[in-house]
Amino acid sequence: MADSIRSTGGSLASLRELAARGQLYAILDACDDPRVPVRMREAAERACCLYQGKSEHDLWAIAPYLARVDARLLDWIASTLWTNPWGVFAVSDAPLESLRSHFQKFLFVDAPGGDQWYFRFYDPRVLARFLSTCDAAQLADFFGPITSFGWVDLETYGVTLVQLAWFDAAQPVTPRIAYRKAAK
């Protein structure tokens, strides 16, 4: 990982705690598992497709889905998808719609020749490599409202959690300078 990233080990138990606090999200990739879209429809108000418009309509069967994870969904992920590259976890206090907007900014990348390609950042094999190539500004932009990203570590069946090295959840972030609109 880049010097700007700190990686730690996690467990299913630590994910359960985050889910109980309402801070755990998952981006589930339907590309390799047709059960994902069905499960996301069942989660209705706690889940949404990251694609919108024509892409959502045409690609729903292979689309990425964002869901707020509760104990039931976490159990399903652990029992059904865990050993596959099903997606990634995201830890955040932000609401679902804010995270959807944030992640949608990264769904496409500019390719050589001016084309646009889908960017599968939610594939754990892609995310781990992508984060290690980013500079500090790119990481800050990509993490945005996310405290940590996580993915299954197949060697231990635990979870690898990564966060910005300078992030400290115990320390509230307060600006040194406050900008105010001048009074007229």
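Using θ = phi - 60° in the Karplus curve 6.51 cos²θ - 1.76 cosθ + 1.60, the 3J(HN,Hα) couplings for the stretch 70-82 round to 10, 4, 5, 5, 4, 4, 5, 4, 5, 8, 10, 10, 3 Hz; x is entered for Gly and Pro.
Defining a contact as two alpha carbons under 8 Å apart and six or more residues distant in sequence, what relative contact order in percent does the chain show?
On the way: 272 pairs, mean separation 54.0, N = 184.
Computed over the chain, the figure is 29 percent.
Bin width 5 Å, origin at 0, all Cα-Cα pairs of the chain: what percent of pairs per bin? It works out to 1, 7, 16, 20, 20, 16, 9, 5, 3, 2, 1, 0, 0, in whole percents. The length gained by stretching the chain between VAL38 and VAL126 to full extension, at 0.36 nm per residue less their Cα-Cα distance, is 29.2 nm. For PHE119, the amide hydrogen comes within under 5 Å of the amide hydrogens of PHE108, VAL109, counting only partners 5 or more places away or on other chains and with H modelled in the peptide plane. Computed about the Cα centre, the dipole magnitude for the stretch 19-95 is approximately 140 debye when only Lys and Arg (+1) and Asp and Glu (-1) carry charge, each at its Cβ. Projected label points at GLN52 and ARG21, each 7 Å from Cα along the beta carbon direction, are separated by 3.0 nanometres. Each Lys and Arg contributes +1 and each Asp and Glu -1, all at the Cβ; summed about the Cα centre of the chain, the dipole is approximately 720 debye.
Given the rule -39500 (n - 2.57) for each run of at least 4 DSSP H residues, summed and divided by the residues of the chain, what is its mean residue ellipticity at 222 nm, to the nearest 500 deg cm²/dmol? Show your work: numbers first, answer last.
Working: 7 runs with 58 residues, N = 184.
Helix contribution divided over all residues of the chain: -8500 deg cm²/dmol.
Its Kirkwood hydrodynamic radius, worked out from the mean inverse distance over all distinct Cα pairs, puts the stretch 64-138 at 14.3 Å.
Bear in mind that the values in this text are calculations on the coordinates, not laboratory data. Please read these numbers as outputs of a predicted model, since none were measured by experiment. Because the Cβ atoms are built from the backbone with ideal geometry, glycine has one as well, and the counts that use them run over all protein chains shown.
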